Amino acid sequence: MARSGRGRGRTAFTFDVGAIGFARGEALPEAAFKPSALYPPTDFKPVPLKAGEDEDYLVALKQEFRTTVRNTPYFVCIKNEDQGVERYSKKYLRINQADLEWTPDWRQLPREMKPKKKITKGGKLKTKPAVSKANVDVLKKLEELEKKSDGEKSDEEEKEKERGEEEEEAEEPDEYDEEEHEEENDYISSYFEDGDDYGAGSDDNMDEATY
Amino acid sequence: MTQAEIKLSSLLLCEHFGEIVEKIGTHLIRMGSQPLRMIAHDTGMSLDQVRKALCVLIQHNLVTYQLQKRGLVEYEAQCSRVLRILRYPRYIYTAKTLYSDTGELIVEELLLNGKMTMSAVVKKVADRLTETMEDQLSFSSDGKTMEYSEVSNTFVRLADTHFIQRCPLAPETPEPLEAPPPPAPTLVFNEKDMYTVPRLNLIGKGKRRHSDNDDNSEHKAKRQKPNTDSTEPPADDGIYWQVNIDRFHQHFRDQVIVSAVANRMDQTSSEIVRTMLRMSEVTTSSNAPYTQPLSSNEIFRSLPAGYNISKQVLDQYLTLLADDPLAFVGKSGESGGGMYVINLHKALASLATATLESIVQERFGSRCARIFRLLLRKKHLEQKQIEDFAMIPAKEAKEMMYKMLSSNIVSLQEIPKTPDHAPSRTFYLYAVNMLSSARMLLHRCYKSIANLMERRLHETKENRRLLEKSQRVEAILASMQATGAEEAQLQEIEEMITAPERQQLETLKHNVNKIDASENQVDETIFLLESYINSTMKN
């Protein structure tokens, strides 16, 4: 606003350019319209790093810590890297599966941290793919069944109902048991195992591989 | 949290705890405290994964939780604590210098596991020490073992000197059957026995990895039922220990001050200052600006035995130290042969200033450093004055000033003579704002460490195939040696890595070492700047 009507070019400054060190008639540096270079040339080279036994030991400690921490249960991988071919050397990499299990002290943690039932989850996983796969077949079969058992329908249904009720009654106490069981030795069996290769990477298999 | 800090924490979390934990941790650092469901929703991860990640983070004291109203539990990440992962090697090394290998392993185990019970630490460390002893004395049949009592002695000493402390405790509540338990335990910090070690009856020796047969079978049984083998919980069940980072920082600070005095004056005076600092270790809190006043008589009595300097010489040294313009040591009274304090805040400020000066010198050259020091001494100066005082030609001086100004090392203040802020009637004063410059440098340090880490990851990624190959070859070699293979066979396998590959591996190792060393050393600067900022903010 202040500049409007003040002529053009270099005189656009509201102050004396000489005050900041430019002589009369000297060219001003060009205005920069882009960020400075990502790797600007350095006028001064960095001084060498400190060296000595202490520093070497610190580096060794750092590297060792980095590798050890990967073998603790706290290092959460997404999946065990599936390399396709089983490596010969894998036999010799001592990874003790037992060490990889870790039960947090639940007294120290909020209650919601504790995982709930795992059985329901497992059930879902199993049923879903079956349904989607055999979807078409099931429809066909249902049609066939309908034709066949038109007459016996009512009887069957009643029986089914009764059976269903019995089953429900029988199931309830079962579920309780499971939950209680879970409370006691929760975590270990279900949670901190990598969900994906549960079974394949379980203890027994590992033992076979190592011995 | 600045962007640089977030970036660095995310890299650190990823390197130490894997991608899942990194995602949750970074999310929490960005968003502040949040409840569980919200985290799961925002990150789009399954509840189980979020739970697991949070458990890991809480275990390592990187996340705290708090019970909110309406029974919600909110989780909050401790960004500054995450950044301390950088300093872990230094904590471990310090423990080694103070308490030898046992202390080193205790601190390392605690850092690896976040928090542990004393019995677990002692057992683990004894086992590890026994293992290394065995490796060293593999030929002798009766390998030495490490007694539990020896390890627990070191543990007690670490606790006595406050290098490790108890974690906040979840109070034991007799579970009422009717009322549902609260969704989160409230952790209590009992200051009285923060450093008291529980009485434990730890008798035994470290076990060897593969010794007798019965030992082995016991091990197997353990593996099958991981938690049921112990019939009763250990006596210190639920009492967890963690590394007291503040105490370590106090130790680092004292060391820095001592070495600064040694550089400025001589070894003897540094020893005097060390004695003073050691005497006030327990009496002064870690963030106090001054130590408690100490009389010269007290200091004389506490000097280490090997140092036989007379009382007179000590008094002379003390007056010399008190007269020094840096004023690390101050005189606070005349009683008891003169009372002396160490001005901790002043010492940190001087050290931070020195760091800044040397950075300016290395970055902008010695002439800029001259201007910088001039500004530090004279506080506020006009352009013209700087040129005159520094005796640098006007044009060059201006160029330097602008360069430093644009990188925020120095600041510029306008003082208008008239209310219209007309440049011709305004004073332009240059000054150094130590605090903001220190902050700016700290930010740069974080950024450079993040860059270093990225570079290191890149280097290892580029050479991953080669690294894997050498690992495999090494594994095969080890197994061959164990089975007693012939020399020729071993050599054949060794030759699987060709000469150029070997060379490439060497280069990689050299580069990674260099980067790691730089990370460590930048962290030292970070420590100094942070201590200075913290102590300035508190006073």
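Where a number appears in this text, it was derived from the coordinates with a stated rule and is not lab data. In this text the structure is predicted, and so the values were computed from the model without any measurement. Positions of Cβ are backbone-derived with ideal geometry, glycine not excepted, and every protein chain shown enters the neighbour counts.
Placing pseudo-labels 7 Å out from each Cα toward the beta carbon at B:Asp420 and B:Asp101 gives an inter-label distance of 8.1 nm. In terms of distances greater than 26 angstrom between alpha carbons, the cross-link table entries B:Lys96/B:Lys461; A:Lys45/B:Lys403; B:Lys379/B:Lys403; A:Lys62/B:Lys469; A:Lys50/B:Lys395 yield B:Lys96/B:Lys461; A:Lys50/B:Lys395. Centre-to-centre separation between the Cα atoms of the stretch B:90-107 and those of the stretch B:369-421: 48 Å. 3J(HN,Hα) along the stretch B:417-431, derived from phi through the Karplus expression 6.51 cos²θ - 1.76 cosθ + 1.60 where θ = phi - 60°, amounts to 7, 10, x, 7, 6, 5, x, 6, 10, 10, 7, 10, 10, 8, 8 Hz, with x in place of Gly and Pro. Computed over chain B, the per-residue total of -39500 (n - 2.57) for DSSP H runs of n ≥ 4 gives a 222 nm mean residue ellipticity of -20500 deg cm²/dmol, rounded to 500.
Peptide A:60-69 shows a mean partner chain C-beta count of 6 within 10 Å per residue C-beta. Label zone (B:Lys538, point 7 Å along Cα-to-C-beta; backbone nitrogen cut-off 19 Å) within the stretch B:325-367: B:328-330, B:341-353. Taking the convex hull of the alpha carbon positions in the stretch B:276-384 and averaging its projected area over all directions gives 9.6 nm². Contact order, relative form, for the stretch B:347-432: 27 percent (alpha carbon pairs under 8 Å, 6 or more residues apart, mean separation divided by residue count). How far apart, in nanometres, would the label points at B:Ala482 and B:Gln292 be if each is projected 7 angstrom from Cα along the Cα-to-Cβ direction? It is 5.6 nm. Between the stretch B:286-338 and the stretch B:113-135, the C-alpha centres lie 42 angstrom from each other. What's the local net charge at B:Ser269, with K and R +1, D and E -1, over the other residues with C-beta under 14 Å away? Summing Lys/Arg as +1 and Asp/Glu as -1 gives -3.
Taken along the Cα-to-beta-carbon direction at a fixed 7 Å, the label points for B:Glu19 and B:Arg455 span 2.6 nm.
Over all Cα atoms in the stretch B:347-432, the spread is summed up by Rg and Dmax: 13.6, 43 Å. Over chain B, calculate the relative contact order: mean separation of alpha carbon pairs under 8 Å at least 6 apart, over the residue count, as a percent. Once normalised by length, the contact order is 11 percent. Based on the alpha-carbon gyration tensor of the stretch B:319-368 and its eigenvalue square roots a ≥ b ≥ c, which shape applies: rounded if a/c is under 1.5, prolate if not and a/b is larger than b/c, or oblate? It comes out prolate by the Cα gyration axes.
Please tell me which of these pairs span more than 19 angstrom C-alpha to C-alpha: B:Lys52/B:Lys447; B:Lys311/B:Lys331; A:Lys114/B:Lys7? Numbers along the way, then the final one.
Details: B:Lys52/B:Lys447 29 Å; B:Lys311/B:Lys331 17 Å; A:Lys114/B:Lys7 30 Å.
Those over the limit are B:Lys52/B:Lys447; A:Lys114/B:Lys7.
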